[in-house]
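S.K.: Right, I'll just put the structure down here and ask away after.
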Ligand code: IMP
């Protein structure tokens, strides 16, 4: 049945992804044509339709870096001070860049200790040295790991001046030598760096003042992750969560707005005057900041947030794997229905939708996209990766990590009670639980695996890209059906005496044990 007729016929029913099945369509292209690029806001494009949830067991700087390197984007949670969040955002922004312009520099009298401290804090091993220590001061030398990494402890008191390579012995590029029509030729600069056999290439103006710094490790990172989501300066993109409580939001936005690319106002019920007023205020005070509003599940809520000025909408209430909102409050919506109804409204305004919660496998991602979402937000599927915060434990021989709802008692005691409007309540009923998820290894392996499943599904559906899906939705050419309980059983692995690992890994990732795969399948 065509998608519009389907949802009209079943108006009044709430469907989950698992309730639906999409029809294959005529295919006249190869797998290589499929392009997973998408927008998560009016202005922000990412290379894969996945974003990480701003939860304190999911997204901090390490995961935000890992997912952006794959082509998605991470949203750093707010159960930390604005200053700490700003620091984590900076770590993501500084992780990989083309031409570093917000430079960390030292003056020649600094101690080797200072160099080591910068390396420990930011991971930079080469530091340009300027006459006055200012980031765009006159370049006088450079210190690299070869100058200090093997020094004995007592030598860390030495000055940078004693160990650095002086400017006359460095390969340097003058901006006018590597620019054409006022634009730096990045290829030429990279070639100069490679040919110099050095760890970094300082770029100066004609008078020798430092302008940019190009490092070999950035070049290597770029070559190993060519699809990373980056800004025009080749820095990774990063998002952050902000409370919908004005005083807190004001303080947090002041701390993070310079570096963050996009913020999400993170509340479980976004159809409220606080959020609408806050969106308007933020657009007035930070007009260049991209804002995602939510969470919502109805078209009228989308419309209200869009009219207030949001650039993207986050859809989902009660569908998260750790969520008890529907049980506690009797409120929410089946996620498939919510995504379809909200996307239909948002598509009219050209505002992207992020389908948040309830994604358990690649097929759910495909279904979310076919229902009109631009991207999906992942909680449990990323909490299980090495890069998520928290330690890995062994339970019954299986590697597991803690995953908890932001509405669980533990998370709310760290700040996220505001997400549920409970910051001033003495008695709180949790709307989320704490649990364990089976480890899925590194984001660098898990995301490509998950995305390959998405590509395979889109191929069978005859869909080349998110844009193509939107065209088909507009023409009402996407067809689907409701699955009977027996059809769901038929679609799952069934009737086998024994199931081998490689077959089951198709649902749970390349890196999981048989026990954890079984658990994942039966979740
Ligand atoms: P998952 O991907 O199914 O694990 O769902 C993750 C989503 O659940 C998050 O992005 C939030 O929107 C939502 N969520 C996070 N914590 C809670 C909670 O404690 N209660 C209800 N929903 C939550």
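S.K.: Report, in whole Å, the centroid distance computed from the Cα atoms of segment 336-377 and segment 131-178.
M.R.: 51 Å
S.K.: Further question: Looking at the square roots a ≥ b ≥ c of the eigenvalues of the Cα gyration tensor of segment 1-98, which shape do they give, rounded for a/c under 1.5, prolate if a/b is larger than b/c, or oblate?
M.R.: Note, shape of segment 1-98 comes out oblate.
S.K.: Considering only DSSP beta bridges where both residues belong to the chain, give the percentage that are antiparallel (nearest 5).
M.R.: 55 percent
S.K.: Also: Rounded, prolate or oblate: which fits the chain, taking a ≥ b ≥ c as square roots of the Cα gyration tensor eigenvalues, rounded meaning a/c under 1.5, else prolate when a/b beats b/c?
M.R.: Values: a/c = 1.80, a/b = 1.71, b/c = 1.05.
Since a/c reaches 1.5 and a/b is larger than b/c, the shape of the chain is classed as prolate.
S.K.: Another one. On a C-alpha basis, how far is the centre of segment 222-248 from the centre of segment 1-79 in Å? Whole number, if you could?
M.R.: Measuring centre to centre over Cα atoms gives 17 Å.
S.K.: Still on this structure, I have one more. Taking 0.36 nm per intervening residue step and subtracting the Cα-Cα distance, what contour gain separates residue 168 from residue 347 on full extension?
M.R.: On the way: separation 179, 0.36 × 179 = 64.44 nm, distance 5.81 nm.
Value of the extension gain: 58.6 nm.
S.K.: Going by average Cβ neighbours within 10 Å, how do the peptides 226-237, 429-440 rank, with the highest at the top?
M.R.: The peptides rank, most packed first, as 429-440, 226-237.
S.K.: Something else about it: Show me the ranking of peptides 103-112, 314-323 by mean Cβ neighbours inside 10 Å, starting with the highest.
M.R.: Answer by packing, highest mean first, reads 314-323, 103-112.
S.K.: So, in nm, how far is label residue 234 from label residue 111 when the simple model puts each one 7 Å beyond its Cα toward the Cβ?
M.R.: Distance between the two pseudo-spin positions: 3.5 nm.
S.K.: Does segment 211-257 come out rounded, prolate or oblate by the C-alpha gyration tensor, with a ≥ b ≥ c the root eigenvalues, rounded set by a/c under 1.5 and, if not, prolate when a/b is larger than b/c and oblate if not? Before the final figure, lay out each step's value.
M.R.: Details: a/c = 4.50, a/b = 2.46, b/c = 1.83.
Prolate, because a/c is 1.5 or more and a/b exceeds b/c.
S.K.: Would you mind checking the tilt of helix 112-122 against the longest principal axis of the Cα atoms of the chain, expressed as 0 to 90 degrees and rounded to 10?
M.R.: Once rounded, the angle reads 20 degrees.
S.K.: Working from Cα positions, state the angle (0 to 90°, nearest 10) between the long axis of helix 299-308 and the longest principal axis of the chain.
M.R.: Relative to the chain, helix 299-308 is tipped by roughly 30 degrees.
S.K.: Between residue 179 and residue 484, with labels modelled 7 Å along Cα→Cβ, what's the label distance in nm to one decimal, could you check?
M.R.: So the label points at residue 179 and residue 484 sit 7.1 nm apart.
S.K.: Residue 298 versus residue 199, label points 7 Å from Cα toward the beta carbon: distance in nm?
M.R.: With each label point 7 Å from Cα toward Cβ, the separation is 5.9 nm.
S.K.: I've got another one for you. To the nearest 10 degrees, how steeply does helix 273-285 sit against the main Cα axis of the chain, on a 0 to 90 scale?
M.R.: 30 degrees
S.K.: Right, something else. I'd like the distance between the alpha-carbon centres of segment 270-327 and segment 399-476, rounded to an integer number of Å.
M.R.: 17 Å
Values quoted throughout were computed directly from the atomic coordinates according to the rules given, and no laboratory measurement underlies them. For clarity, every value in this text was computed on a predicted model and none was experimentally measured. Reconstructed Cβ throughout: ideal geometry from the backbone, glycine too, with neighbour counts over all protein chains shown.
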